[in-house]
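Following: one structure in C-alpha cells, then a few remarks.
The values are calculated or read from the model by the stated rules, or taken from the named source; none is laboratory data. On a predicted model such as this, the values are computed, not experimentally measured, just so you know. No Cβ is skipped: glycine too gets one built from the backbone with ideal geometry, and neighbour counts run over all protein chains shown.
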Amino acid sequence: MSRIFLVGLLASGLLFGSNIKTFDHVFGGKKDDIGTSVIEITDGYLISAKSKSFSEHEFDGYIIKIDKSGKMIWENHYGGKNNDCFKTVVPYRDGFMLLGITESVGNRSKSFYLAEIDQNGTLLSSYAKYTHEYDEFIGKVLAVDGEDIIMGGNQKHVKLFDAEIDPLIFKTNRQAQTIWGKYYGGEDEDYIYNMLQIEDGYILVGKTESFDADEFDGYVVKIDKNGTKQWYNTFGGEENDVAYDIAPTPDGYMMVGTSESFDLRYKHVYVTKIDKTGKVLWEKLYGNDKEDDEGHAIATDKDNNYIIAGYTESQDREKRDELHLLKIDGDGKKLWNKSYGNKADDAGHDIIATEDGGYLVVGDKKSEKTRDSNVWVLKVDKDGNL
C-alpha cells in the first residue's frame, strides 16, 4: 500500500551571519515513528524511518523528503499487514532504493525488504529476499554498483535450542535476482550494522563472538566487489564492544560504537581508527563515569573532522536519554560535545555532514506526555548550534 500525507511542522531558523540553515523538526503522527537514516540530495534531504502512525496494523516503512530549510515536501509509507521498516536509503537510477525488514511478505519469519521509489515517493517495485523459510533476515546495509544492488544484514538461523547469527551480503540485479551471496562470520554469533562503499569494494562493521572474542568484540571486514573477503580484524577489551558505523579518513577509516570494556562502570562512546589494511592505529573512549553514552553514527566533514551522533544519559534526577553530538579531529581530540532533548528519551541514529558546512542528524524524540516517538530531524551548524 502507498499513500501520501502532508503535514505542517515547526519552522526553521537561519543563523545570523551564516549561510547554514538550522532547524529542529519532528515528523510523524500519534503513534511511534522512528528515523533510521538520511541522505542529502539536490533539493533537500531524504529520510528513511519506520512508522505506526499511518498504519492500521504494525510498523510500516516510512520515507520523508524535506527541503534545505527542513520543510516537508512529501511523506509516504509502504508495507503490508505486519511489521515492515526501512533501515537505509541510497540514490538509484532516477529515484531511490530502500532496504529494511518485512514480515508482510517473503518467508514465514522476517525477510530483507528491498523497494525502489521514484523522486515523488511512488513505489516502483518491491521484493522480499531470503534464503531459508523459517530464518530471520534483518536488512541493514545497501549500496549500488551501476544498476546492480549490494544489500544485506544479518541472518538468524533458528535451531532447536539455539540460533546461529551471521552477516550475509547479496549482490542482485534490479529484479532482486542473486548474482552472488556470501556469509562473513565465524563459529559463534556475528553481526554487521553498517557498510562503507569504497573504490575497490566494501568495508563492513559490527560485532563478533567468534575469532577468540571474550564477549562481543568490535568487528571489521573488507570485501572486494565480488564479495571475496580480503581481510578482517577484531578490537575491544574483555567485555562487550561494538562498531555501529564507519567513515573514511585520508589514510584509513574511523569507526564508532560503544564499549563496556577497559574497566568502565558505564557504556562509553568507542572510536577506533584503522589503516587501509585493518590495523588498529588508535582507540579512544568518550563519556563519563556516572551515566551511559553510546555512539551510533559518524560522518566526515570538509575539514577532515568527524561528527558522531548517539545518546547520553542526563546527569540529573530524570535519568532520561538525550540526543548527543560529539565532534573530534583526525587524532581523536574532542572539539566539542552537546546534548539536545526534552524530559523524555531521545536518541540520534544517523548523521551527515551537509554541503553548507553543517550537520544533520535523524533519530527519535519521545513525547513527554504519551512517551510515543516522533522522527526527529535536527540541523546544526559546525559548532553544534541551532
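A few points about this structure:
- Selection within region 15-68 - out of contact with any Pro (no Cβ under 9 Å at 6 or more places or on another chain), among the hydrophobic types (A, V, I, L, M, F, W, C), farther than 24 Å from ASP383 by Cβ and free of Cβ contacts under 8 Å to residues at least 60 places away in the same chain: PHE54, PHE59, ILE63
- Hey, LYS338 over 19 Å from the mean Cα position of the chain (by Cα) and modelled with pLDDT of 95 or more or not: yes
- Any hit, region 28-39, residues being at pLDDT 95 or above and among the basic types (Lys, Arg): no
- Scanning region 162-204 for residues that are surrounded by fewer than 19 Cβ atoms within 10 Å (Cβ to Cβ), farther than 24 Å from ALA115 by Cβ and within 17 Å of the chain's Cα centre (by Cα) returns no hits.
- Scanning region 145-161 for residues that are more than 21 Å from the chain's Cα centre (by Cα), at pLDDT 95 or above and not charged (D, E, K, R) returns a single hit, GLY146.
- Strands (runs of 3 or more DSSP E) contained in region 241-300 and holding at least 2 residues modelled with pLDDT of 95 or more and surrounded by fewer than 20 Cβ atoms within 10 Å (Cβ to Cβ): 241-249, 280-286
- Only strands (runs of 3 or more DSSP E) whose full extent lies in region 331-386 are considered here, and the ones with at least 2 residues that are farther than 20 Å from ILE66 by Cβ are 334-340.
- Candidates GLU164, GLU215, filtered to the one that is assigned to a strand (DSSP E or B), over 23 Å from ARG93 (Cα atoms) and modelled with pLDDT under 95: GLU164
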